[in-house]
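Student: I am attaching a structure below and will ask some questions about it afterwards.
The values are calculated or read from the model by the stated rules, or taken from the named source; none is laboratory data. The structure displayed is predicted, hence computed values, not measured ones. Positions of Cβ are generated from backbone atoms using ideal geometry, with glycine treated the same way; all protein chains shown enter the neighbour counts. Accessible surface areas use protein heavy atoms only, side chains included; no ligands, DNA or RNA. Shrake-Rupley method; radii C 1.70, N 1.55, O 1.52, S 1.80 Å.
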Amino acid sequence: MGSNDQTGGYVTVPNQSVEGASGIEFAYRDLGTSEVPLVLFQHFRGNLDNWDPALIDALAASRRVVTFDNAGVGGSSGTTPHTIAAMAADAIAFVEALGLDEVDLLGFSIGSFVAQEITLVRPDLVRRVVLASSAPQGAAGMHGWAPRVIDQVGHRESSPQGYLNVFYAPSASSREAGEQSMQRIFGARSADRDAETTWQTRQAQYDAVCAWGIPDHAMLERVRAISQPTFLANGDSDPMILPHYSHLLAGLIPGAEVKIYPDSAHGFLFQHAAEFAADAEAFLGGER
Amino acid sequence: MTKIANFAPQERLLDGLRIRFAETDAIDEPVVLLLNPWPESLYAWESLWSRFAAKARLVAVDLPGFGGSEGREDLYSPQAMGRFLVDLIRKWELGRPHVVGPDVGTGAALFAAAADPTAITSAIVGSGATSVPLRVEGNLKELIEAPDLAAIAAVDGRDVVADAMTLFEFYEPSAAAREDYLASYAGGRFAESARYVRAYPTDLPRLAELLPGIEVPVQVIAGARDPMVPPANAYFLGANLPHCRVDLVDAGHFAWEDRASEWGDIALAWIGGGYKKGAL
């Protein structure tokens, strides 16, 4: 059970911290109630505040949801490592520090790579896995974001317009949804906001993304070892991680389910927060 | 008797070659073009024919030099066979079929997709060599690496096929299919057809360069325990094709027959609309 459940939801739930075995002080938020918590893994350069409160509240309506800053990110101490494997090790240390023996994972973008890695190296910890905007390690076309993507989200100063251009489809309806989501993300929480992510985090995470995307077909075999029920989801117009990688993963991970959401891009899970949360809930609440 | 009622292979000339084929006509669309595996023939589809025929118009062919079709020396390579396949689709007015080519059909179907993306709606391949560097094992590796075909040419092809059929795990071919496989490669026909796989070392590097540009969606189905074409070949396609799904089934080499039910489920889900999702 979340120890600091708040009726005000994600915009008012307090920041907490816990020290991992390696000495990292992890910043996290914890709300909702369920036997098996759902731990969320954030996107490139994102911190605790970059989760859309509409999504978190929808998920937390029926289960315990834990968001956290991995090592070196936002309000957590330490330095962001340069590999997905090291990020997974840090994340496992965080989950252990919370005293959790079994968790569900929801990884978004680079967070979905970390979620894959945790599932592979610590399978006993993981019950079910949701991979949003994901790709397997080693697939061609993933060696760094496409030029037009990194040009929008890779600069020292992040721009709301750049974020909109990558996370939302060009249609008016998707843009409108994006602007509403950004108001929730950047405007709803006034007190106790998280620390901004640093340039060191940006560089280290991008190193990890590029390394994950070095074409190497043998790496595709790794995800065949995932035996946990897995739900794959993406927007149909995601320019950052193309949706066909979800279909590739769906074949590779035994029994995986896949859903592609219409008129949406990388931020489909914020745009379609209610629908995605309902789909995730149906999946997480299913029979093992 | 085959396992299929009214299964009546016919012959038709194409490019001066007698090409054996079988077809159904109960349904007009979609068109599914089934290619022979090796060392088998279009009879390899006997286990799935009725299921597929309920959903699509089927045209099964023996590629030149395989099964009951006449061969020609310049066609014994995946790239040349890919061009032949495009020609066949055009001249036989098959529209824009789904091409289903396990085993040796893999290279032919992918070269066809690269040569003319407008000729094919999608491809279902697998259990065929694609990896660069070459990743093949067992008898297939020996055939490809042998300095020449003298040793294999000295053996009656019927004996080679009989030996290959010992790799079937569950599939029990009908008497007609078994005899057709044996007759298809009798005498020197097996050694002749082996020229096709011996072109892999030159053709597969060319194919590897083409893969990232193939816009046709591709479903790969492969046996997880294939002793001749290990799953690395399926991963190679999954990693390098822009629109690809890879499913492994618990099978050896002859997955389309030994696991016909599961293989058919995957293929029908793909032809029934899955190929559109793979193209996203």
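Student: How do the helices (runs of 4 or more DSSP H) wholly within region B:122-213 filter down when requiring 3 or more residues that are more than 18 Å from the chain's Cα centre (by Cα): which remain?
Tutor: Values: elements: B:138-145, B:150-153, B:157-164, B:175-184, B:189-198, B:200-210.
Filter on region B:122-213 gives B:138-145, B:150-153, B:157-164, B:175-184, B:200-210.
Student: Continuing with this model, one more query. Please work out which residue is nearest to the chain's Cα centre (by Cα), limiting yourself to region A:164-184 and to residues that are aliphatic (A, V, I, L, M) and farther than 29 Å from A:HIS143 by Cα.
Tutor: Result: A:ALA177.
Student: So B:LEU110 clears everything in (1) in contact with a His (Cβ under 9 Å, 6 or more places away or on another chain); (2) open to solvent by less than 30 Å² (accessible area, probe 1.4 Å) except one condition, right? Which one?
Tutor: All conditions are met except number (1).
Student: Quick check: is even one residue across region A:152-170 within 14 Å of chain B (Cβ to nearest Cβ) and touching a residue at least 60 places away in the same chain (Cβ under 8 Å)?
Tutor: Checking region A:152-170: at least one residue is within 14 Å of chain B (Cβ to nearest Cβ) and touching a residue at least 60 places away in the same chain (Cβ under 8 Å).
Student: Taking region B:113-144 as the region of interest, how many residues are open to solvent by less than 40 Å² (accessible area, probe 1.4 Å) and within 14 Å of another protein chain (Cβ to nearest Cβ)? Lay out the reasoning, then the answer.
Tutor: If we filter region B:113-144 for residues that are open to solvent by less than 40 Å² (accessible area, probe 1.4 Å), which is where we start, we get B:113-114, B:116, B:119-131, B:136, B:138, B:140, B:143-144.
Now narrow it down to the ones that are within 14 Å of another protein chain (Cβ to nearest Cβ): B:122, B:124-126, B:129-131.
The qualifying residues number 7.
Student: Additional query: Right, B:ILE271: open to solvent by 10 Å² or more (accessible area, probe 1.4 Å), more than 14 Å from chain A (Cβ to nearest Cβ), assigned to a helix (DSSP H, G or I) and in contact (Cβ under 8 Å) with a residue 24 or more places away in the chain or not?
Tutor: Here the answer is yes, as B:ILE271 does meet what is asked.
Student: Still on this model: Restricted to region A:218-232, and to residues that are within 11 Å of another protein chain (Cβ to nearest Cβ) and not basic (Lys, Arg), which residue is nearest to the chain's Cα centre (by Cα)?
Tutor: A:VAL223
Student: Assess whether A:GLY235 counts as being within 12 Å of another protein chain (Cβ to nearest Cβ), touching a Lys or Arg at 6+ places or on another chain (Cβ under 7 Å) and of a type in the set (Gly, Ala, Ser).
Tutor: So A:GLY235 does not fit the description; no.
Student: Yes or no: region A:131-139 includes at least one residue that is in a helix (DSSP H, G or I), open to solvent by less than 30 Å² (accessible area, probe 1.4 Å), within 19 Å of A:LEU48 (Cβ to Cβ) and more than 14 Å from chain B (Cβ to nearest Cβ).
Tutor: no
Student: Here is a further query. Whether any residue in region A:260-269 is open to solvent by 50 Å² or more (accessible area, probe 1.4 Å), out of contact with any Lys or Arg (no Cβ under 9 Å at 6 or more places or on another chain) and among the small types (Gly, Ala, Ser) is what I want to check.
Tutor: no
Student: Here are some conditions: (1) within 24 Å of B:GLY274 (Cα to Cα); (2) surrounded by fewer than 22 Cβ atoms within 10 Å (Cβ to Cβ). A:HIS217 meets all but one. Which one does it not meet?
Tutor: Condition (2) is where A:HIS217 drops out.
Student: All but one of (1) more than 20 Å from the chain's Cα centre (by Cα); (2) under 29 Å from A:GLN16 (Cα atoms); (3) at pLDDT 95 or above hold for A:ALA188; state the number of the condition that does not hold.
Tutor: The number of the failed condition is (3).
Student: I'm trying to understand the selection: among the residues of region B:70-107, which are among the hydroxyl-bearing types (Ser, Thr, Tyr) and crowded, with 24+ Cβ neighbours inside 10 Å?
Tutor: Answer for region B:70-107, where residues must be among the hydroxyl-bearing types (Ser, Thr, Tyr) and crowded, with 24+ Cβ neighbours inside 10 Å: just B:THR106.
Student: Follow-up. So B:LYS277 fits all but one of (1) modelled with pLDDT under 95; (2) open to solvent by less than 20 Å² (accessible area, probe 1.4 Å); what number is the exception?
Tutor: The one condition B:LYS277 does not meet is (2).
Student: Name every residue in region A:171-202 that is closer than 18 Å to A:VAL11 by Cβ, without any contact (Cβ under 8 Å) to a residue 24 or more places away in the chain and open to solvent by 80 Å² or more (accessible area, probe 1.4 Å), in order of residue number.
Tutor: Across region A:171-202, the qualifying residues are A:GLU179, A:GLN180, A:GLN183, A:SER190.
Student: Just checking, which of A:ARG184, A:ARG189, A:ARG202 is in contact with a Pro (Cβ under 6 Å, 6 or more places away or on another chain) and away from chain B (no Cβ under 14 Å)?
Tutor: Result: A:ARG184 is the single residue among A:ARG184, A:ARG189, A:ARG202 that is in contact with a Pro (Cβ under 6 Å, 6 or more places away or on another chain) and away from chain B (no Cβ under 14 Å).
Student: Take the conditions surrounded by 16 or more Cβ atoms within 10 Å (Cβ to Cβ), closer than 21 Å to B:ASP74 by Cα and touching a residue at least 12 places away in the same chain (Cβ under 8 Å) and apply them to B:ALA183. Does it pass?
Tutor: Numbers: surrounded by 16 or more Cβ atoms within 10 Å (Cβ to Cβ): yes; closer than 21 Å to B:ASP74 by Cα: no; touching a residue at least 12 places away in the same chain (Cβ under 8 Å): yes.
So B:ALA183 does not fit the description; no.
Student: Something else now. Residues B:ALA53, B:ALA80, B:ALA26: which one is within 20 Å of B:SER261 (Cα to Cα) and not hydroxyl-bearing (Ser, Thr, Tyr)? Give the derivation first.
Tutor: Values: B:ALA80 fails: within 20 Å of B:SER261 (Cα to Cα); B:ALA26 fails: within 20 Å of B:SER261 (Cα to Cα).
It is B:ALA53.
Student: List the residue pairs whose Cβ atoms are under 6 Å apart, where the first residue sits in region B:232-250 and is within 7 Å of chain A (Cβ to nearest Cβ), the second is open to solvent by 10 Å² or more (accessible area, probe 1.4 Å) and acidic (Asp, Glu), and the two are 6 or more positions apart or on different chains.
Tutor: Going by the 6 Å Cβ cut-off, the qualifying pairs are B:TYR235/A:GLU221.
Student: Got a sec? Which strands (runs of 3 or more DSSP E) wholly within region A:1-85 have at least 2 residues that are of a type in the set (Val, Ile, Thr), buried (at least 20 other Cβ atoms within 10 Å of the Cβ) and on the phi < 0 side of the Ramachandran plot?
Tutor: A:65-68
Student: Restricting to region B:45-63, count the residues that are open to solvent by 10 Å² or more (accessible area, probe 1.4 Å) and among the aromatic types (Phe, Trp, Tyr).
Tutor: So the answer is 1.
Student: Is it fair to say A:ILE241 is buried (at least 22 other Cβ atoms within 10 Å of the Cβ), modelled with pLDDT of 95 or more and aliphatic (A, V, I, L, M)?
Tutor: It is true that A:ILE241 is buried (at least 22 other Cβ atoms within 10 Å of the Cβ), modelled with pLDDT of 95 or more and aliphatic (A, V, I, L, M).
Student: Residue by residue through region B:18-44, note down the ones that are touching a residue at least 60 places away in the same chain (Cβ under 8 Å) and either among the β-branched types (Val, Ile, Thr) or open to solvent by less than 10 Å² (accessible area, probe 1.4 Å) (or both). Lay out the reasoning, then the answer.
Tutor: We begin by selecting, within region B:18-44, every residue touching a residue at least 60 places away in the same chain (Cβ under 8 Å); these are B:19, B:29-41, B:43-44.
Across region B:18-44, the qualifying residues are B:ILE19, B:VAL31, B:VAL32, B:LEU33, B:LEU34, B:LEU35, B:ASN36, B:PRO37, B:GLU40, B:SER41, B:ALA44.
Student: Scan region A:205-214 for residues that are hydrophobic (A, V, I, L, M, F, W, C), more than 14 Å from every other protein chain (Cβ to nearest Cβ) and open to solvent by 10 Å² or more (accessible area, probe 1.4 Å) and jot them down.
Tutor: Taking region A:205-214 and keeping what is hydrophobic (A, V, I, L, M, F, W, C), we get A:208-212, A:214.
When the remaining residues are screened for being more than 14 Å from every other protein chain (Cβ to nearest Cβ), the result is A:208-211.
Residues satisfying the conditions are A:CYS210, A:ALA211.
Student: Being in a helix (DSSP H, G or I) and farther than 27 Å from A:ASP104 by Cα is the filter here; which residues of region A:187-204 pass it?
Tutor: Passing the criteria: A:GLY187, A:TRP199, A:GLN200, A:GLN203.
Student: Checking the condition of a type in the set (Ser, Thr, Tyr), open to solvent by 10 Å² or more (accessible area, probe 1.4 Å) and without any contact (Cβ under 8 Å) to a residue 12 or more places away in the chain, which residue from B:THR166, B:THR202 passes? Explain how you work it out, then say what you get.
Tutor: On the way: B:THR202 fails: without any contact (Cβ under 8 Å) to a residue 12 or more places away in the chain.
Of B:THR166, B:THR202, the one residue that is of a type in the set (Ser, Thr, Tyr), open to solvent by 10 Å² or more (accessible area, probe 1.4 Å) and without any contact (Cβ under 8 Å) to a residue 12 or more places away in the chain is B:THR166.
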